[in-house]
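The values are calculated or read from the model by the stated rules, or taken from the named source; none is laboratory data. Just so you know, these numbers come straight off a predicted model, no measurement behind them. Cβ coordinates were reconstructed from backbone atoms using ideal geometry, including for glycine residues, and neighbour counts include every protein chain displayed. With ligands, DNA and RNA removed, areas are computed over all heavy atoms of the protein, side chains included. Shrake-Rupley method; radii C 1.70, N 1.55, O 1.52, S 1.80 Å.
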Amino acid sequence: PRHHGRRRRTRTAKVVAVRRLTTGGRCDHAPVQRVSIMGNAGSGKTTLARSLADRLGIAHVELDAVHHLAGWTPIDPQEFRRTVTALADEDSWVIDGNYGVVRDIVLARADTVVLLDLPKPVVMAQVIRRTLRRVASGEELWNGNREQWRDLLLLRKEDNIVLWAWTQHRKYRRRYLD
């Protein structure tokens, strides 16, 4: 449908769930034990992962919590890989995150992959609301880290989660859905 010459964007989330197949090409009907959830910042990965892990009674791993050490210092990439390998070697988990340096580890062990693909305006509204709530409340995220008002003024996408979500939306869409 068109609206004033432009296609109307849907506000509903597109969730693409991919279940791994057995080597014989038939669907594996074993219980879900290891779920990878990926999508843009603000797409709801952690919210879904927490809820799903709770419902399944299994561990939830937020890759951001592993990656961001105190003072927003990123973990050494090799240490990140070792830590994620140990976590992924567990029998059951829900892991959320998009870190390329560990993607191969997570996907090799996952029996289910969930890709969250929300329209950019929805993602931006969610990430802005979430960031403002976190800044205003002083909520601790991981390892003593908190989002700050000044972060919203920074022009480097690596330092400003709102800019990150804006600039990465198309990248994630291309990476996972094209």
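Using a basic spin-label model with each label point 7 Å from the Cα along Cα→Cβ, how many nm lie between Ala108 and Ala86?
So the two model labels end up 1.8 nm from each other.
Can you give me the accessible area per residue for the stretch 33-100, using a 1.4 Å probe, in Å²?
On a per-residue basis, 47 Å².
In what sequence, highest mean first, do 34-41, 104-111, 79-86, 50-57 appear when ranked by Cβ atoms within 10 angstrom? Walk me through the numbers on the way to the answer.
On the way: 34-41: 25.2, 104-111: 17.6, 79-86: 15.8, 50-57: 13.6.
Output ranking for 34-41, 104-111, 79-86, 50-57: 34-41, 104-111, 79-86, 50-57.
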